[in-house]
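Notes for the one structure printed next.
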Amino acid sequence: MKYVKPLALFHELMKAKAQGERRLLGLDVGGKYVGLAISDQCNEIASPLSVLLRKKSNIDLMADDFQSLTSELSLAGFVVGYPFDRLRSAPDAVQVKVFIDDLCKTGKLEGLKYTYWDECFTSKNVELLIKPLALCPTQAKTMIDKFAAVGILQGYLDYVNRETKMEETE
């Protein structure tokens with residue numbers, strides 16, 4: 001896996017689209033779970049996909065899961081939620097970076113690109129939205145993780161589509 005800047009990922013995605021439908025996977029990396037969201041075939045709308053259990057001991061199994069998803073869903077890359085905080089180093093940011101570094105070290109996701117996208121309170125927003133549903137804690141947690149991934153990916157898609165349209169009009 002290789003890091004690229006947010007707009008570069010989208011530009012490469014649009015070039016690769018000529019070779020077949022290519023989509024993006026949004027990741028909300030937490031201490032216990034990784035929430036997943038998938039873009040539609042036009043890369044305009046994000047939808048919840050699933051949640052993977054995260055353990056340091058199962059990074060190879062997670063890489064296998066991502067490999068399978070890549071071929072099944074024609075993935076071109078990942079949009080990884082990252083807690084940007086310019087004033088201080090957030091502990092969650094270190095956890096996300098370590099997770100992505102560990103995935104890269106497996107060597108199983110060669111050819112895929114990834115970028116970071118500000119997750120700015122996506123989990124908290126979803127938590128507040130589902131609170132009235134009074135779900136059991138486990139169900140609530142997995143829903144929060146999935147829909148936080150949707151928020152991350154949708155924020156990215158909205159931005160890159162808007163920027164791409166602006167570039168075309170210039």
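The values are calculated or read from the model by the stated rules, or taken from the named source; none is laboratory data. Computed from a prediction, not measured in an experiment: that's the story for all the values here. So basically every Cβ, Gly included, is an ideal-geometry build from the backbone, and we count neighbours across all protein chains shown. Ligands, DNA and RNA are excluded from the accessible area calculation, which covers all protein heavy atoms including side chains. Shrake-Rupley method; radii C 1.70, N 1.55, O 1.52, S 1.80 Å.
Taking every C-alpha pair closer than 8 Å and separated by at least 6 residues, the mean separation divided by the residue count of the chain gives a relative contact order of 33 percent. Zone of Lys2 (label point 7 Å along Cα→Cβ, backbone N under 12 Å): which residues in segment 76-119? The answer is 110-114. Excluding same-chain neighbours fewer than eight residues apart, the lysines reachable from Lys141 by a Cα-Cα span under 21 Å are Lys32, Lys55, Lys56, Lys124, Lys131.
The charge dipole of segment 2-165, taken about its Cα centre with unit charges on the Cβ of Lys, Arg, Asp and Glu (plus for the first two, minus for the last two), comes to roughly 240 debye.
In the chain, helical runs assigned H by DSSP with n ≥ 4 each contribute -39500 (n - 2.57); averaged across all residues and rounded to the nearest 500, the mean residue ellipticity at 222 nm is -16500 deg cm²/dmol. Residues Tyr114, Tyr82, Tyr159 ordered from highest to lowest accessible area at a 1.4 Å probe: Tyr159, Tyr82, Tyr114. The distance from the alpha carbon centre of segment 8-75 to that of segment 124-170 is 14 Å, rounded to a whole number. Put Met62, Met166, Met1, Met143 in order of accessible area, highest first, and with a 1.4 Å probe you get Met166, Met143, Met1, Met62.
Computed from the C-beta positions of Lys124 and Glu168, the FRET efficiency with R₀ = 45 Å rounds to 0.80. In plain terms, the bigger the Kirkwood radius, the slower the diffusion; for segment 25-106, with that radius from Cα pairs, at 25 °C and 0.890 mPa s, Stokes-Einstein puts D at 182 µm²/s.
Would you tally the net charge around Lys146, using a Cβ to Cβ cut-off of less than 13 Å, leaving Lys146 out, and scoring K and R as +1, D and E as -1? Once positives and negatives cancel, what remains is -2. To the nearest 10, the accessible area of Val150 is 20 Å² with a 1.4 Å probe.
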